[in-house]
Amino acid sequence: MSSKICLTGIKPTGMPHLGNYMGAIKPAIETANKGEFKGYYFIADYHSLITIHNGDQLRSDIREVAAAWLASGLDPKKVVLYKQSDIPEILELNWIINCFTAKGLMNRAHAYKAAVQTNTENGKDEDQGVNLGLFTYPILMAADILHINSDIVPVGEDQLQHIEIARDIASSFNHAYKKDFFKLPKAIVAEGENKLLPGLDGRKMSKSYNNHIPLLLPEKKLQKTINKIVTDSTGPEEPKDPNNSLIFDMYKFFSSNEEQEAFAKRFREGIGWGHAKAELFNVVNREVAPIRAEYDKLLADPGYIDTVLKDGADAVREVSSRQLAEIKKLIGVS
Ligand code: TRP
């Protein structure tokens, strides 16, 4: 097994949707199963605390997202799965690297800038509703990455700036102590733009557009949600262009080449939208049915999830406590 570290953080914000699954969960699990890297995947619960101020909700969001990843095939024997808040070393490092982070770097971070801009546009004080967790979000994220000296970090495109910031912080630290102590982490963007699963209205699938399909719906609800896909008024017998159809675009994600050819032929011959949606449902359901079954089993036994996370925390702390001890020597507090 390679000693290069591949790390990624998962924000617990409730049930993942099919776009998260196809674009992030599935590829991350495939990467882990290849065994080229030592995988460390964690639930970024302290990042969620920035917005979720309700204990019961955060607790169940954490369990749900852990169950969704495990049910999707994450093997805790191959990947260390842990919870950020179980690793005190991350928070110690968080403070240390605060002292190597220019405030101006945070002023320029997209998420903070967007919050300020929204406030300004609405005629509010620019910092209204902005807590310091949001402001320093990128520093905690850098600590997540650096506490075990990660080599690669698979992320979505929206996170690229955060990885750049982590590299900046690592360089400032290295520069101060004239030592290549931290590796400069590399972002890996798993999916090209055109590989992103579209949502029900054809835009990128996103909870904020409310065009998403939750990963784990009971069959009937999944069917109903798929029926909401926006279609035009072409009559059932009229020939249709598969290359200009949202249903076909989504179908491609869940089917083999032969299935796609057969489906395309039916489009050209004329297929009613209702039938096309039923076919799409069949292939989506084929993919998610085993995940749904496993997910329900896992949530019925939260003790198992807790054990996986606890074992993961023990394993990662072995690495991070050694690293932190070296850092403390280097900076002169021990
Ligand atoms: N900010 C990431 C997101 O919203 C989650 C995250 C937190 C993360 N810490 C990380 C991702 C460290 C990669 C590495 O998706």
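The values are calculated or read from the model by the stated rules, or taken from the named source; none is laboratory data. Keep in mind it's a predicted model, so treat the numbers as computed, not measured. No Cβ is skipped: glycine too gets one built from the backbone with ideal geometry, and neighbour counts run over all protein chains shown.
Observations, loosely collected:
- Residue within region 184-194 that is in contact with a Gly (Cβ under 9 Å, 6 or more places away or on another chain), of a type outside the set (Val, Ile, Thr) and away from the ligand (no atom under 16 Å from the Cβ) present: no
- Members of region 1-57 that are within 14 Å of the ligand (Cβ to nearest atom) and of a type in the set (Lys, Arg): Lys11
- Check on Ala102, surrounded by 15 or more Cβ atoms within 10 Å (Cβ to Cβ) and either over 25 Å from Glu318 (Cα atoms) or not aromatic (Phe, Trp, Tyr) (or both): no
- All positions within region 58-89 that are touching a Ser or Thr at 6+ places or on another chain (Cβ under 7 Å), within 13 Å of the ligand (Cβ to nearest atom) and closer than 20 Å to Asn131 by Cβ: none
- Note on region 169-206: among residues that are outside any loop (DSSP other than H, G, I, E, B) and under 18 Å from Val284 (Cβ atoms), the one that is modelled with the lowest pLDDT is Lys195.
- Here is the figure for region 207-244: residues that are among the hydrophobic types (A, V, I, L, M, F, W, C) and surrounded by fewer than 17 Cβ atoms within 10 Å (Cβ to Cβ) total 1.
- Criterion: assigned to a helix (DSSP H, G or I) and outside the structural domain of Asp86 (by TED's automatic domain parsing) - qualifying residue of Glu318, Glu287, Glu237, Glu326: Glu287
- Check on Gly156, farther than 23 Å from Leu309 by Cα, surrounded by fewer than 19 Cβ atoms within 10 Å (Cβ to Cβ) and touching a residue at least 40 places away in the same chain (Cβ under 8 Å): yes
- Test: residue in region 234-244 that is within 28 Å of Ala293 (Cβ to Cβ) and in contact with a Phe, Trp or Tyr (Cβ under 8 Å, 6 or more places away or on another chain): no
- Any chance Ala166 is within 13 Å of the ligand (Cβ to nearest atom), surrounded by 14 or more Cβ atoms within 10 Å (Cβ to Cβ) and at pLDDT below 95: no
- Among residues of region 294-334, those that are of a type in the set (A, V, I, L, M) and either under 12 Å from His147 (Cα atoms) or free of Cβ contacts under 8 Å to residues at least 24 places away in the same chain (or both), counted: 7
- Look at (1) closer than 15 Å to Pro198 by Cβ; (2) modelled with pLDDT of 95 or more; (3) assigned to a helix (DSSP H, G or I) and you find that Asn243 fails only one, number (2).
- Residue list for region 208-221, restricted to those being closer than 20 Å to Arg292 by Cα and either small (Gly, Ala, Ser) or not in a strand (DSSP E or B) (or both): His212, Ile213, Leu215, Leu216, Leu217, Pro218, Glu219, Lys220, Lys221
- Set Gly129, Gly156, Gly133, Gly199: member being more than 15 Å from the ligand (Cβ to nearest atom) and on the phi < 0 side of the Ramachandran plot: Gly199
- Residue match in region 262-274 (condition: aliphatic (A, V, I, L, M), more than 26 Å from the chain's Cα centre (by Cα) and within 30 Å of Lys179 (Cα to Cα)): no
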